[in-house]
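Data first, discussion second: the structure below is written as structure tokens.
The values are calculated or read from the model by the stated rules, or taken from the named source; none is laboratory data. Every value quoted in this text rests on a predicted model; they were computed, and no experiment measured them. As a convention, Cβ positions derive from the backbone with ideal geometry for all residues, glycine included, and neighbour counts pool all protein chains shown.
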């Protein structure tokens, strides 16, 4: 992975190789996670009355917001919850049925992986729903962008589980019930993927930020 340019007030690269002096003054190194979390913030080192230094951070990059009316945003969030709850409930129900196809390793593997992504997606959806109307760069990435990514990965794994169930139906000469199970798994995947497809069309725009940068500060990138 290529290192980012030096962009903070300690002349520390984003991967966190601080020199000894900055290490002593701050107590920690500036890692790539630090830069990701405070991206768009301007930070400055300010001397206090007792001679010690403290860090002042102010978000100065443009705010990010959904470019749609508030009522439409509420309907959008309600739609996402409906798709998520319906898709995951149907998926979990069909996945735990005591049928032969669900015991096959090539069915269980994508099934278990998809559960992990669906759980992570729940937290992203909560963040998306109760997030601020004006978001920092990190807040946008950790809600809207993360929800889009997780719904794609989770829905794709759900679809893979359905396809593997169809394969198991053919290999094991399964019953009509097994075939129905595969089709319902595929339908549940389409509900979750619907979140990804819809979120791709949601417009976002930058809004002017009137926060004043601290004197002598540097904007983290």
Next item on the list: Would you point out which residue out of 194, 131 is touching a residue at least 12 places away in the same chain (Cβ under 8 Å) and outside any helix (DSSP H, G or I)?
Entry: 131
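Tell me, please, whether a residue that is touching a strand residue (DSSP E or B) at 6+ places or on another chain (Cβ under 6 Å) and not assigned by TED's automatic domain parsing to the domain that holds residue 37 can be found in the stretch 85-99.
To start, the set of residues in the stretch 85-99 that are touching a strand residue (DSSP E or B) at 6+ places or on another chain (Cβ under 6 Å) comprises none.
No.
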Margin query: Yes or no: the stretch 150-162 includes at least one residue that is within 18 Å of the chain's Cα centre (by Cα), outside any helix (DSSP H, G or I) and more than 27 Å from residue 58 (Cβ to Cβ).
Written below: no
Next item on the list: Report yes if residue 113 is out of contact with any strand residue (DSSP E or B) (no Cβ under 7 Å at 6 or more places or on another chain) and either part of a helix (DSSP H, G or I) or buried (at least 18 other Cβ atoms within 10 Å of the Cβ) (or both), otherwise no.
Entry: yes
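One line per residue, one yes/no per condition, for (1) surrounded by fewer than 16 Cβ atoms within 10 Å (Cβ to Cβ); (2) touching a helix residue (DSSP H, G or I) at 6+ places or on another chain (Cβ under 7 Å); (3) not assigned by TED's automatic domain parsing to the domain that holds residue 77:
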residue	(1), (2), (3)
125	no, yes, no
133	yes, no, no
136	no, no, no
144	no, yes, no
147	no, yes, no
156	no, no, no
161	no, yes, no
175	yes, no, no
Notebook entry, point to check: Counting just the residues of the stretch 80-93 that are in contact with a helix residue (DSSP H, G or I) (Cβ under 7 Å, 6 or more places away or on another chain) and more than 13 Å from residue 151 (Cα to Cα), which one comes out surrounded by the most Cβ atoms within 10 Å (Cβ to Cβ)?
Noted result: 91
